[in-house]
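Undergrad: The structure under discussion is supplied below as structure tokens; questions concerning it will follow.
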Amino acid sequence: MADETVLQISGLNKSFGPVRALSDVRFELRKGEIHAVAGENGAGKSTLMNIIDGILQPDSGDIILDGRKVTISSPTEAQRYGIGFVHQEIALCPDVSVAENIFMARTNASRSFFMDYRKLEQDAAEVFRQLSGIDPSVVVRDLSISNQQLVEIAKALTLNCRILILDEPTAALTLTESQVLFDIMRKLADRGMSIIYISHRMVEIFENCDRVTVLRDGKYITTRDVAEISPSDVVNAMVGRVIDGLYPEKQTGPSEEIIFEARDLNDEPRFSDVSFQLRKGEVLGLAGLIGAGRSEIARGICRLEGKATGEIVLNGQKLDLKTYRDCVKHGIVYLSEDRKGDGVFLDMAIAANISALRVEQVANGLGLIRFNKEAHQAKTLGAKLNLKYGSLSGPVSLLSGGNQQKVALAKMLSVDPSLIFLDEPTRGVDVGAKSEIHRILRDLASTGVGIVVISSELPELIGLCDRVLVVREGRISGEVSGEMLTEREIMRLASIVDADDRLRARAR
Amino acid sequence: MSDTVHVEEALLVPNRRSDGILRGLFRMRETGLVLIILALFITMSFASPYFLTWANMRAMSVAFAVDGIIVIGMTILLISGGIDLSVGSVTALAMVIAGWLFLNAGVDPWLASLISIACCAGIGAVMGFFVTKVGLHHFIVSLAIMVIARGICLLGTGGRPIGLFTLPPEFKFIGQGSVGPIPVVILIFLAFVITFDFMLRHTVMFRKVFYTGSNEKAAAYSGIRTKKVIFLTTTLCSTLCGVAGIIYMSRFGSAQPTFGIGLELTVIAAAVIGGASLNGGSGSILGAILGVVLLSLVSSSLALLDVSVYWQDIIRGTILLAAVTIDHFLNKRRR
């Protein structure tokens, strides 16, 4: 199992429209190794994996499998080459048995008219003998998330794969469950399988992988043995992105006036012991890896989900919030990260979208909507946000992503909010609209509106915010501002605080 | 680019609740339906000498007026994202309850009607409960209620119509009387149409119905109590069935336990032809009423032309399929 290379990729390019997702990317995978791929959100990891699995086609570049140049045109073809991909999201049929799920592809290709359940279960039991003790006749719905993840892996294994791609498989797992998974990974690797392991978590990479490749902004940065590199080095390689575009000027002198305070918020297992303050005029950021609990905290405060306990104080007044309606009444609003899913009403008029948060505002005493008042509100807020539209009575679906987001933002502003939580406010928004939105947020902050921005884009947080709280595993793991407001510091707090600790402990 | 946007808006935004600007333009669906109805009307007045008689006009409009009241409830329910298959049997049940109270318990017919409508509202509330609190689907809940309500009708009457020969003339006036040349039924129907069409377009209350149906999660994220909205639209639909049942009872002078079998199909078809979407979020009362008028006009035209009744269902089904297909492609282009 020496240094035999099974997969070699070079000069890989891939663009989506004007966006360059990968440029001149290299990657090399040896037989029997566990190879981590690290990078920030949007660094190109998923694009690379999707190309290896044939889901996407590269614009140019070579993929060499066992010394032969190949074109992988579909996941089916990838399977023929022995490449298995376990996606982050579990894609099993919840209502049928484990065995049927595992052999779905085989059943699909089968010519026989009847299902041979006994044979399926026997074969599945054979697969699991190598993995763990899951009963193949159990219905998938009844399994825990971690066991479902194992079923996904088993499914990939039945395809006789030699290369297994695991995309953040531990995101939904507990520590012990992850450990089981790592043991299995090691066993598979020892049998000669090559595993590509995608993760943000430095601990996992350093405890379980042999080598690590770092991508940044769609470019290849480095590939190293984990033995010869430290977690901090990896983080340094991941960050150091040039902050693109112009960000509005930050707050000059920090105000002492506190407009919002959260005290001891708890909502296990989403988040725990969350306390923070928001000062007048500042833009506060919430950073953290996806799934760390950033959005959960905002939605918990807004009473949109969960049952958070703790105190909420707005402008010195302790609030008793039960529903999101109560929040809106007090001027606390939440801009959703999923614009199309729950941010806007795509098939409804722009004006009706903007007034949705408090329709009563554009109605008279009898509860009748004054359409000219509604149109006026839309026009005024639209002008303020530089919204580009054909007609205010046209549906939002006709607008570009950036303008849809401005509609969602106008909806927030329609109630004169005192505090806005913005979850990924510039996701899917073009560069121009993005910097406009940043400018608007800064202006709002300077007029005394509380602005809390959740973002997965570190340059955005650094460019826009005065202060950033970092969330890790449902807790606030630190706060950075001023000189310390760097990508490296945020990444350190978000992913490796205890990686360094644990490695040190082990070294001792 | 901006030109295409305008063109698309003009073409592809039918029957959306308009905001006062360019109102006429956006009601493409209503305009189209009116044109089709007019064309059919003119053709028929040449094809049949009986068509353009006062008696025929009167019979035709009375035929769709009462169902039209149910269509209003169904349209609002569809806009909120729900559906109700029980409208036919709940309408029959309204007749049976009121008729039974009047005949066997000696209750004043007006009071009996009120109690009966309240019972229908109660049935709607029960469905609303199962949908919003228990979390079942409208389709299956209303299917169960459809069967249960019909069962109660048959159980209470032994399957035979209850003749109500002693109904006072004031009560019969609702279903059989006229004010001048216009049947009272038509006046009641128009009152309902105008009231609900206006409310649906202009009130905050009904705007929330549109928000809920358009995107329930986004509505919840706008602080709208979506479950309450769905509960209320479900209850409203059954209540309007109750009203329709009472009018039918007055018109027939009897309570018919087997009335309205298959009515849900006509009512849903009318609402959908009029622009309501089964996915919620769109629909208009005016459109739905035009849908009823169209279906009813087709039926009576075919009858006048001596076409077999069996053909009627085939043709009505075809019209529904055509309307929904056109809608599907319009929506696809808009997305």
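The values are calculated or read from the model by the stated rules, or taken from the named source; none is laboratory data. Here the structure is a predicted model, which is why all the values come from computation and not from measurement. Note that each Cβ is placed from the backbone with ideal geometry, even for glycine, and that neighbours are counted across all protein chains shown. Keep in mind that these areas ignore ligands, DNA and RNA; they rest on the heavy atoms of the full protein, side chains included. Shrake-Rupley method; radii C 1.70, N 1.55, O 1.52, S 1.80 Å.
Undergrad: From the list A:VAL239, A:VAL212, which one is of a type in the set (A, V, I, L, M, F, W, C) and modelled with pLDDT of 80 or more? If you could, list the steps in order and put the result at the bottom.
TA: Working: A:VAL239 fails: modelled with pLDDT of 80 or more.
Only one candidate passes the filter, namely A:VAL212.
Undergrad: Which of (1) open to solvent by 70 Å² or more (accessible area, probe 1.4 Å); (2) within 20 Å of B:ILE72 (Cβ to Cβ) is the odd one out, the single condition B:ILE152 does not satisfy?
TA: If we test B:ILE152 against (1) open to solvent by 70 Å² or more (accessible area, probe 1.4 Å); (2) within 20 Å of B:ILE72 (Cβ to Cβ), just (2) comes out false.
Undergrad: Sticking with this one: Restricting to segment A:190-208, name every residue that is in a strand (DSSP E or B) and either small (Gly, Ala, Ser) or not assigned by the TED database to the domain that holds A:THR170 (or both). Walk me through how you get there before you give the answer.
TA: Narrowing segment A:190-208 to residues in a strand (DSSP E or B): A:194-198.
Hit for segment A:190-208 is A:SER194, nothing else.
Undergrad: While we're here: Any residue at all in segment A:34-53 that's under 17 Å from the mean Cα position of the chain (by Cα), of a type in the set (S, T, N, Q), part of a loop (DSSP other than H, G, I, E, B) and within 30 Å of A:ILE490 (Cβ to Cβ)?
TA: yes
Undergrad: Give me the pairs, please: first residue somewhere in segment B:259-276 and at positive phi and surrounded by fewer than 24 Cβ atoms within 10 Å (Cβ to Cβ), second residue anywhere and part of a helix (DSSP H, G or I) and modelled with pLDDT of 90 or more, beta-carbon distance under 7 Å, and either six or more positions apart or on two chains.
TA: Partner pairs satisfying both residue conditions: B:GLY262/B:GLY88.
Undergrad: Looking at B:PHE139, B:PHE64, B:PHE129, B:PHE46, which is the one that is free of Cβ contacts under 8 Å to residues at least 12 places away in the same chain and open to solvent by 20 Å² or more (accessible area, probe 1.4 Å)? If you could, list the steps in order and put the result at the bottom.
TA: Working: B:PHE139 fails: free of Cβ contacts under 8 Å to residues at least 12 places away in the same chain; B:PHE64 fails: free of Cβ contacts under 8 Å to residues at least 12 places away in the same chain; B:PHE129 fails: free of Cβ contacts under 8 Å to residues at least 12 places away in the same chain.
After ruling out the rest, the residue left standing is B:PHE46.
Undergrad: While we're on this one: Please work out if B:VAL107 is at pLDDT below 95 and open to solvent by less than 40 Å² (accessible area, probe 1.4 Å). Quick ask: steps written out before the conclusion?
TA: Numbers: at pLDDT below 95: yes; open to solvent by less than 40 Å² (accessible area, probe 1.4 Å): yes.
Considered against the rule, which asks whether it is at pLDDT below 95 and open to solvent by less than 40 Å² (accessible area, probe 1.4 Å), B:VAL107 comes out as yes.
Undergrad: Which members of segment A:380-415 meet the condition of being over 26 Å from the mean Cα position of the chain (by Cα) and either of a type in the set (Asp, Glu) or within 11 Å of another protein chain (Cβ to nearest Cβ) (or both)? Show your work before the answer.
TA: If we filter segment A:380-415 for residues that are over 26 Å from the mean Cα position of the chain (by Cα), which is where we start, we get A:380-395, A:398, A:413-415.
Of everything in segment A:380-415, those that are over 26 Å from the mean Cα position of the chain (by Cα) and either of a type in the set (Asp, Glu) or within 11 Å of another protein chain (Cβ to nearest Cβ) (or both) turn out to be A:LYS388, A:TYR389, A:GLY390, A:SER391, A:LEU392, A:SER393, A:GLY394, A:PRO395, A:LEU398, A:SER414, A:VAL415.
Undergrad: Another question, then. Kindly provide the set of residues from segment A:325-374 that are within 8 Å of chain B (Cβ to nearest Cβ) and among the acidic types (Asp, Glu), ordered by number.
TA: Once the filter is applied, which keeps residues that are within 8 Å of chain B (Cβ to nearest Cβ) and among the acidic types (Asp, Glu), segment A:325-374 yields A:ASP342, A:ASP347, A:GLU360, A:GLU374.
Undergrad: Okay, next question. Is it true that A:ARG224 is assigned by the TED database to the domain that holds A:VAL328, assigned to a strand (DSSP E or B) and open to solvent by 20 Å² or more (accessible area, probe 1.4 Å)? Break it down into steps so the answer makes sense when it comes.
TA: Numbers: assigned by the TED database to the domain that holds A:VAL328: no; assigned to a strand (DSSP E or B): yes; open to solvent by 20 Å² or more (accessible area, probe 1.4 Å): yes.
It is false that A:ARG224 is assigned by the TED database to the domain that holds A:VAL328, assigned to a strand (DSSP E or B) and open to solvent by 20 Å² or more (accessible area, probe 1.4 Å).
Undergrad: Go through (1) closer than 28 Å to A:ILE259 by Cβ; (2) crowded, with 20+ Cβ neighbours inside 10 Å for A:GLY394 and report which single condition fails.
TA: Here A:GLY394 meets the rest and fails (1).
Undergrad: Another question about this same structure. Determine, yes or no, whether B:ILE230 is more than 12 Å from chain A (Cβ to nearest Cβ) and of a type outside the set (Lys, Arg).
TA: On the way: more than 12 Å from chain A (Cβ to nearest Cβ): yes; of a type outside the set (Lys, Arg): yes.
Here the answer is yes, as B:ILE230 does meet what is asked.
Undergrad: Looking at A:LEU368, A:LEU357, A:LEU385, A:LEU346, which is the one that is free of Cβ contacts under 8 Å to residues at least 60 places away in the same chain, in the same structural domain as A:SER435 (by the TED database) and over 21 Å from A:ARG427 (Cβ atoms)? Walk me through it before giving the result.
TA: Working: A:LEU357 fails: over 21 Å from A:ARG427 (Cβ atoms); A:LEU385 fails: over 21 Å from A:ARG427 (Cβ atoms); A:LEU346 fails: over 21 Å from A:ARG427 (Cβ atoms).
Only one candidate qualifies: A:LEU368.
Undergrad: Filter the strands (runs of 3 or more DSSP E) completely within segment A:249-364 down to those with at least 2 residues that are surrounded by fewer than 17 Cβ atoms within 10 Å (Cβ to Cβ) and of a type in the set (S, T, N, Q).
TA: Working: elements: A:258-267, A:271-279, A:283-288, A:309-314, A:317-319, A:332-335.
By residue number, A:271-279.
Undergrad: Now a separate question. Do you know which residues across segment A:365-395 are within 23 Å of A:HIS438 (Cα to Cα) and in a helix (DSSP H, G or I)?
TA: Narrowing segment A:365-395 to residues within 23 Å of A:HIS438 (Cα to Cα): A:377-389.
Those that are within 23 Å of A:HIS438 (Cα to Cα) and in a helix (DSSP H, G or I): A:GLN377, A:ALA378, A:LYS379, A:THR380, A:LEU381, A:GLY382, A:ALA383, A:LYS384.
Undergrad: Let me ask something else about it. Going by what's in this entry, would B:PHE192 be described as open to solvent by 40 Å² or more (accessible area, probe 1.4 Å), more than 12 Å from chain A (Cβ to nearest Cβ) and within 23 Å of B:ALA92 (Cβ to Cβ)? Walk me through how you get there before you give the answer.
TA: Values: open to solvent by 40 Å² or more (accessible area, probe 1.4 Å): yes; more than 12 Å from chain A (Cβ to nearest Cβ): yes; within 23 Å of B:ALA92 (Cβ to Cβ): yes.
Yes; evaluated as a whole, the condition is true for this residue.
Undergrad: Is segment B:195-213 home to any residue that is of a type in the set (Ser, Thr, Tyr), within 14 Å of chain A (Cβ to nearest Cβ) and open to solvent by 40 Å² or more (accessible area, probe 1.4 Å)?
TA: Here is the first cut: in segment B:195-213, the residues of a type in the set (Ser, Thr, Tyr) are B:195, B:203, B:211-212.
Next, only the ones that are within 14 Å of chain A (Cβ to nearest Cβ) stay: B:195, B:203, B:211-212.
Checking the rest, the ones that are also open to solvent by 40 Å² or more (accessible area, probe 1.4 Å) come to B:195.
Yes: one or more hits.
Undergrad: Just to be sure before I move on: is B:PHE252 open to solvent by 30 Å² or more (accessible area, probe 1.4 Å), away from every other protein chain (no Cβ under 14 Å) and touching a Leu at 6+ places or on another chain (Cβ under 9 Å) in the structure I sent?
TA: When the stated conditions are applied, B:PHE252 passes them.
Undergrad: While we're looking at this one, here's another question. Before we move on, is B:THR234 modelled with pLDDT of 95 or more, more than 19 Å from the chain's Cα centre (by Cα), part of a helix (DSSP H, G or I) and buried (at least 20 other Cβ atoms within 10 Å of the Cβ)?
TA: Values: modelled with pLDDT of 95 or more: yes; more than 19 Å from the chain's Cα centre (by Cα): no; part of a helix (DSSP H, G or I): yes; buried (at least 20 other Cβ atoms within 10 Å of the Cβ): yes.
No; evaluated as a whole, the condition is false for this residue.
Undergrad: If we only count helices (runs of 4 or more DSSP H) wholly inside segment A:55-159, which ones have 1 or more residues that are assigned by the TED database to the domain that holds A:SER15 and either in contact with a Gly (Cβ under 7 Å, 6 or more places away or on another chain) or surrounded by fewer than 20 Cβ atoms within 10 Å (Cβ to Cβ) (or both)?
TA: Working: elements: A:75-80, A:98-102, A:104-109, A:117-130, A:145-157.
The helices (runs of 4 or more DSSP H) meeting that bar are A:75-80, A:104-109, A:117-130, A:145-157.
Undergrad: Further question: Just one of (1) open to solvent by less than 30 Å² (accessible area, probe 1.4 Å); (2) within 14 Å of chain A (Cβ to nearest Cβ); (3) part of a helix (DSSP H, G or I) trips up B:ILE224, so point out which.
TA: Every listed condition holds for B:ILE224 apart from (3).
Undergrad: Sticking with this structure for a sec: Do the conditions hold for B:LEU78, that is, is it under 20 Å from B:PHE196 (Cα atoms), surrounded by 19 or more Cβ atoms within 10 Å (Cβ to Cβ) and either among the small types (Gly, Ala, Ser) or modelled with pLDDT of 65 or more (or both)?
TA: Values: under 20 Å from B:PHE196 (Cα atoms): yes; surrounded by 19 or more Cβ atoms within 10 Å (Cβ to Cβ): yes; either among the small types (Gly, Ala, Ser) or modelled with pLDDT of 65 or more (or both): yes.
For B:LEU78, the condition - under 20 Å from B:PHE196 (Cα atoms), surrounded by 19 or more Cβ atoms within 10 Å (Cβ to Cβ) and either among the small types (Gly, Ala, Ser) or modelled with pLDDT of 65 or more (or both) - is met.
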